[in-house]
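To start, the structure itself, in structure tokens.
The values are calculated or read from the model by the stated rules, or taken from the named source; none is laboratory data. Since the model is a prediction, treat every value here as computed from it, not as a measurement. Here the Cβ positions follow ideal geometry from the backbone for every residue, glycine too, while neighbour counts run over all protein chains shown. Accessible surface is based on the protein model in full, side chains and every heavy atom, while ligands, DNA and RNA are left aside. Shrake-Rupley method; radii C 1.70, N 1.55, O 1.52, S 1.80 Å.
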Amino acid sequence: MRVTQMLIPTLREAPAEADVSVSHQLLLRSGMVRKVAAGVYILLPLGSRVVKKIENIIREEMDSAGGVELQLPIIQPAELWRRSGRWDLYGPEMFRLQDRHGREFCLGPTHEELITCLFAQEVNSYRQLPLLLYQIHDKYRDERRPRFGLLRGREFIMKDLYSFDKDEDGLEISYRKMYDAYNRIFSRCGLNFRAVEADSGAIGGDVSHEFMVIADQGEDQLLYCSKCNYAANAEKTPCPSDELRKAADEERPLQLAATPEARTVQDVAAYLQLSTDQVLKSLFFNIDGKLVVVLVRGDRSVNETKVLSYLGADKLEIADSEELRNNFGIPMGFAGPVGLQEKTSVTILGDTEVKYLYNAVAGANKSGYHYLNVNPGRDYQVDHYDDFRVAQEGDPCPCCGGSLQMQRGIEVGHIFKLGTRYSEAMGASFLNEKGKEIPVIMGCYGIGVTRTMAAAVEQSHDQDGIIWPSAISPFHAVIMAVDQRNQQQAGMASEIYQQLTAAGIETLYDDREERPGVKFKDADLIGCPVRVVVGKKAITDGLVEIKRRSGGEMAFRTKEKITGYLQDILADMLHKQGTKN
RNA sequence: CAGGGUGUAGCUCAGUUUGGUAGAGCGCUAGCUUGGGGUGCUAGAGGUCGCGGGUUCAAGUCCCGCCACUCUGACCA
């Protein structure tokens, strides 16, 4: 491709709208994407090429794992979603619309309902199983807060595959196929990533893994063991309780203390000159319409996922100050479990760590006061103790007891075993060998394509711009003449460009009559793995300059040897990147 | 959703305090110049100052309402 024939609007400065994320800024500046609305983007020619590269890698791996591609509609009738119960469950994140007759539809945030419905209509026999159907298509989610550019958009491209099996063993095989395929996909994309155990969330099901691109700015925390292979999303990591068990300290008498204006754990601890792990944190949640109190140690976070799963509930929201005041007459910031049950019948859940938290500080349910020396059993009762906290770095590994390490990551893939949650709701059943009609067993497997593109930039860039892994770079190489008006230079650049292109090396020819500095800057920003420059030396000595974007020495080759040389180094890069994990 | 910030040329922003002819740099167009890391000079084009209402002789500027974008938070009581 010639630059003069393309649309590559690079920017010297990042637009003010570009937020804190590096990938957002670089994708805008390098002319890959443009924003249309919050969380909605145009993929410009370069960005579109990157997306296609990623899609094709995914497509190849899905196909070789037995996947079959199809395309489901974006617009979906409400009726389908009512059948699975998710029309209400999905809430304001779903884009909803009506047609001219007032019939309700949504823009598909995901496609379980539709695919399951298709199965119900078209598949009847175990002889047709297993079946792995997938698509690469747009998804729509009205995020409460779109941010980080393509990392959290409201319209995004996703690959979603659904597996249909006749039994659990079959599901296990399908799941394993996808797990392996995902490892190959992200390796081939040249990404540094890690597969972790994950929570399956609102989508239902039990077993689940997330594929995380390792990046310091990632939204997810993942914990992995330095001794064994254990790795999980922090929210999923179980916290052991046995070794916490310790003898009760001497129980000191309960005491009321004035703590004016001290509303947060940090404030209270600082005011009383204690560490935060001596404070009892009492959080009120509205869970499926009922108020529940969860107690954790002051230095810990409540794990909403674990609470939901313990209660078998669907929706959890932190109670606001009004709810607290109206239901309990408790001022925000001074809530605690002491005397709570005398006033109300609220359920109190306690994290196991709290069970052994003696002589703690807790809110006195009275503005400006906390209790000192609060003890479990004596001063308050807990309905259920269990693991309700978020695991942290340094906690023991649930597998081997080793110490857990923390990394941040960007979730680019997520695979789930769904079981029969959707097939039962949508009536997707088949006749088995014995002629008995049973619901099909499902799994679903997603990859955020546009998010993967942004995650790659997040992971691989420098101060000058993007450094694409070669497998997903918009072009393999960029070529330019230092002086495009010099006929000898331009002629040779053009000749080499054609030669490379003919050899299957995707080459971008910067044939603009710009100053060399401008072309160098743009080449760095766009980040193709190899740069070829035809300058004076090429004319006088016949030597053309080749430089890798990732750094290192310049190389010089005659124009006859360039194609072979580039093929070698590109193959070398692909090999290295493909075996990164 | 709560709280903050910002909306002026394609981009980055000044001008708003104290109302009085619409600005700069970059980019764009033309010419000359220059040609290995965003050349230099000259001349140009380009704006319903986010939208609507109000105050005023006069509003980018003051007042009211709305919208968009954005940041932080939305568990730490």
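For the residues A:I466, A:I505, A:I479, the requirement of being among the aliphatic types (A, V, I, L, M) and more than 16 Å from RNA strand B (Cβ to nearest atom) singles out A:I505. Checked against the criterion of being in a helix (DSSP H, G or I) and free of Cβ contacts under 8 Å to residues at least 12 places away in the same chain, the candidates A:S23, A:S48 yield just one match: A:S48.
Applying the set (1) modelled with pLDDT under 95; (2) open to solvent by 10 Å² or more (accessible area, probe 1.4 Å); (3) in a helix (DSSP H, G or I) to A:Y41 leaves exactly one unmet item: (3).
Here A:T507 passes the criteria (1) touching a Pro at 6+ places or on another chain (Cβ under 8 Å); (2) open to solvent by less than 40 Å² (accessible area, probe 1.4 Å); (3) of a type in the set (V, I, T) except the one numbered (1). Considered as a group, the residues in region A:278-288 that are in contact (Cβ under 8 Å) with a residue 24 or more places away in the chain and closer than 12 Å to A:S301 by Cα include one that is farthest from RNA strand B (Cβ to nearest atom), and that residue is A:L280. Restricting attention to region A:1-28, and to residues there that are within 7 Å of RNA strand B (Cβ to nearest atom) and open to solvent by 50 Å² or more (accessible area, probe 1.4 Å), which single residue is nearest to the chain's Cα centre (by Cα)? Among those residues, the one meeting the criterion is A:V20. In region A:477-581, counting only helices (runs of 4 or more DSSP H) that sit wholly within it, the ones holding 2 or more residues that are within 23 Å of A:L11 (Cβ to Cβ) span A:516-526.
Considering only region A:537-559, state which residues are within 17 Å of A:M492 (Cα to Cα) and in contact with a helix residue (DSSP H, G or I) (Cβ under 8 Å, 6 or more places away or on another chain). Within region A:537-559, A:A538, A:I539, A:G542, A:L543, A:V544, A:E545, A:I546, A:F556, A:R557, A:K559 qualify. Exactly one residue out of A:Y175, A:Y162 is of a type in the set (S, T, Y) and part of a helix (DSSP H, G or I): that is A:Y175.
Looking at A:N327, A:N303, which one is within 12 Å of RNA strand B (Cβ to nearest atom), open to solvent by 50 Å² or more (accessible area, probe 1.4 Å) and not β-branched (V, I, T)? Answer to the selection: A:N327.
Pairing each residue of region A:393-420 that is without any contact (Cβ under 8 Å) to a residue 24 or more places away in the chain with any residue that is hydroxyl-bearing (S, T, Y), provided the two are 6+ apart or on different chains, yields C-beta distances under 8 Å for A:G394/A:S403. None of A:R252, A:R245 is at pLDDT 85 or above and exposed (fewer than 14 other Cβ atoms within 10 Å of the Cβ) except A:R252. May I ask you to list the residues in region A:224-236 that are in contact with a strand residue (DSSP E or B) (Cβ under 7 Å, 6 or more places away or on another chain), modelled with pLDDT of 90 or more and farther than 8 Å from A:V196 by Cβ? The answer is A:C225, A:Y230. Is it the case, given these coordinates, that A:K139 is open to solvent by less than 20 Å² (accessible area, probe 1.4 Å) and outside any loop (DSSP other than H, G, I, E, B)? In short, yes. For region A:2-23, the candidate set comprises residues that are under 20 Å from A:I467 (Cβ atoms) and in contact with a Leu (Cβ under 7 Å, 6 or more places away or on another chain); within that set, the residue that is modelled with the lowest pLDDT is A:A18. When the criteria are applied in full, A:G535 meets the requirement of being modelled with pLDDT of 95 or more and buried (at least 16 other Cβ atoms within 10 Å of the Cβ). All conditions in (1) open to solvent by less than 40 Å² (accessible area, probe 1.4 Å); (2) modelled with pLDDT under 95 hold for A:E61, with the sole exception of (2). Whenever a residue of region A:506-517 is farther than 20 Å from A:V530 by Cβ and without any contact (Cβ under 8 Å) to a residue 60 or more places away in the chain, it has no partner that is of a type in the set (A, V, I, L, M) and more than 15 Å from RNA strand B (Cβ to nearest atom) lying with C-beta atoms less than 8 angstrom away and at least six residues away or across chains. Counting residues in region A:560-579 that are out of contact with any helix residue (DSSP H, G or I) (no Cβ under 7 Å at 6 or more places or on another chain) and within 11 Å of RNA strand B (Cβ to nearest atom) gives zero.
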